[in-house]
1. How do Leu251, Leu207 stack up against each other in accessible area, from largest to smallest, with a 1.4 angstrom probe?
2. Per residue, what accessible area does the chain have, given a 1.4 Å probe and all protein chains present, in Å²?
3. Averaging over all projection directions, find the projected area of the Cα convex hull of region 165-311 and quote it in nm² with one decimal place.
4. Once you place label points 7 Å from the Cα toward the Cβ at Thr249 and Arg150, how far apart are they in nm?
5. Whole Å is fine, so just give me how far the alpha carbon centre of region 223-258 lies from that of region 140-183.
6. How much of the accessible area of region 254-352, probe 1.4 Å, is carbon plus sulfur, in whole percent?
7. Can you give me the % of accessible surface on region 54-162 that is carbon or sulfur? Probe 1.4 Å, all protein chains present, nothing else counted.
8. If you place +1 on the Cβ of every Lys and Arg and -1 on the Cβ of every Asp and Glu, how big does the dipole about the Cα centre of region 213-321 come out, in debye to the nearest 20?
Amino acid sequence: MKRIALLGATGSIGRQALEIIEAHPELELCAAASGSQQVDGLAPLTQVGGDLTELLERANPDLVLNAVVGFAGLPATLWALERGVDLALANKESLVAGGELALAARNRGGGRLLPVDSEHSALFQLLEGRGLEEVHSLVLTGSGGPFRGRTRDELADVTVEQALAHPTWRMGQKITVDSATLANKGLELIEAHFLFGLPYERIEVVLQPTSIVHSLVRLRDGATLAHLGYPDMRVPISYALTYPERADTPLAPLAVTSLTLEFAEPDGGTFPLLALAREAGEKGGTYPCAFNAANEVAVAAFLAGRLPFLAIAEAVADALAHADGAPARDVEELLEADAAARRLVEQGLSVA
Ligand code: NAD
Ligand code: MG
């Protein structure tokens, strides 16, 4: 029996996780939390909002599935890593913002960090049992989002509705907008750096519009391994929850002969958030935290109709230009870096 605490139970990942847990008698939901929607009766222990680590203390789970959206997921990520409780991580923002603190906590705690993000789950599977000295580079794939192929001019007045119409994945609003700006691929680049320990120059991002190839690993002998499957988050969720076993899912087997796979380079001029994330990652310190914080505020403003689509990247670039980027020695310093970047974007919004 594996006792699971599910944080973000009412979201896109959370609901799919409930389906997986339901289907497997050896998985037991011991706690469930959401930000604001009601979760009564979903699990023996539930919580809406507040300090999620209080719920985790009471629940004492074997595994935490962190499917909260945004930096709000940080305390739960650190709680699990520090205690050596297995962490299935969908909440990429906490690892991007707090990567160094999170890895230090994992080294102390000694538990597993199991990625739920589909690309990182694929990379985790491709890299398993392999020494990093065998690896030449990682290739992170992305669909390119709903605006792939458009010019900057064509993006000037896109609507929230258009940004939310993702071609291959059905997800929560924040990550869907991030997919349209390519900020999501930027966050995933930093996420991959922290998860797999490779320098940024050895992580490439390419577009694969149908989201069938979930990522690739180039090995030093010239072989390249790829992970293929239909775009369906139940696969990486199931993998993380049932690891190290592999359980059945309701998915159809991949119909290989009906596939044609195309790859393309991302258009960095039209979608500057990818390069901004790479730059923030390479600079290190709290630059990734500032990138994430500014992006969260700007995306919320876009969703609320307060900021045009192209201004999301401008707000993030501005926040990064003003951030001091000094490494955070503890959580308090990380919270300060997060708050400073948020303030900067909010000030810009109130002037506009
Ligand atoms: P969502 O918006 O659908 O759901 C978010 C969940 O988090 C909700 O249950 C919400 O109530 C909860 N929440 C928000 N703030 C909270 C707080 N302060 N305290 C407790 N709970 C809070 O988002 P989603 O699409 O399910 O994404 C969740 C995370 O998974 C994100 O980090 C996202 O980047 C990542 N992810 C999602 C997908 C996907 O297919 N949806 C794929 C890869 C990664
Ligand atoms: Mg992903």
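1. Details: Leu251 45, Leu207 10 Å².
Largest accessible area first, the residues go Leu251, Leu207.
2. Values: 15110 Å² over 352 residues.
Result: 43 Å² per residue.
3. Values: hull surface 43.9 nm².
Hull-based average projected area comes out at 11.0 nm².
4. 2.9 nm
5. 24 Å
6. Details: 2730 of 4990 Å².
On region 254-352, the fraction of accessible area on carbon and sulfur atoms equals 55 percent.
7. Values: 1820 of 4110 Å².
Reported share for carbon and sulfur atoms: 44 percent.
8. Details: 7 positive and 12 negative charges, 35 e Å.
So the magnitude is around 160 debye.
The values are calculated or read from the model by the stated rules, or taken from the named source; none is laboratory data. Owing to the predicted nature of the structure, the values given are computational and were not obtained by experimental measurement. Cβ sites come from the backbone with ideal geometry, for glycine too, and all protein chains shown count toward neighbours. Note: areas computed on protein heavy atoms with side chains; ligands, DNA, RNA excluded. Shrake-Rupley method; radii C 1.70, N 1.55, O 1.52, S 1.80 Å.
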